[in-house]
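What follows is a single structure, written as structure tokens, with notes after it.
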Amino acid sequence: MTGTPANDRIGVGIIGCGRRNGQLAIGKGGQGEPPPNARIVAVADFNTRRADAWAKHYKCASFQDYRALLDRKEVDVVVYATPEHWHYLPCIHACQAGKDIYGEQPLSHTIREGRVMAQAVRKYKRVFQTGEQQRSHPKTRKAIELIRNG
């Protein structure tokens, strides 16, 4: 545990308590902990048993409807890893709720959804990052280099 007081850490809300968010929330393997400057304060998943298990581990609030998570004042940033067709609404709702966002890839299900998401980020002056770790992985970069060089 860190010496950083809980009130001085970033409050993270997790939307989607499946495999991918498990990798994001806890790093490489196993049920670990977020970085010292962050704390998971709420989780949401349609599967209440999965959300409740995460909430028990992180000693935080659990919700089936992610919009209830967005209403929490202690949530500063939202991390979502939901099915691809569910990236659009959590992003827009998080912007409207004043939360910054890390959204897992792909950015959106359609080009139109992506444009509306970008408009919401700009309108509400939020910070948004999408996950594209594969693009910067050394083996992927090497494969691209080999392909480009014939």
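The values are calculated or read from the model by the stated rules, or taken from the named source; none is laboratory data. What you see is a predicted model; the values in this text were computed from it and never measured. Cβ: placed from backbone, ideal geometry, glycine included. Neighbour counts: every protein chain shown. To get the accessible areas, we keep the full protein, side chains included, count just its heavy atoms, and leave off ligands, DNA and RNA. Shrake-Rupley method; radii C 1.70, N 1.55, O 1.52, S 1.80 Å.
Straight-line reach from K123: taking Cα to Cα under 23 Å and skipping same-chain neighbours fewer than 8 places apart, the lysines in range are K73, K99. With the gyration tensor restricted to C-alpha atoms of the stretch 34-116, the semi-axes of the equivalent ellipsoid amount to 22, 14, 12 Å, longest first. Given a 1.4 Å probe and the protein chains as shown, Y66 ends up with an accessible area of around 20 Å². Taking label positions 7 Å along the Cα-Cβ direction at both A68 and H85, the computed distance is 2.5 nm, reported to one decimal.
Taking a point 7 Å out from the Cα of Q119 in the direction of its Cβ, the residues of the stretch 62-95 whose backbone N falls within less than 17 Å of it are 88-95.
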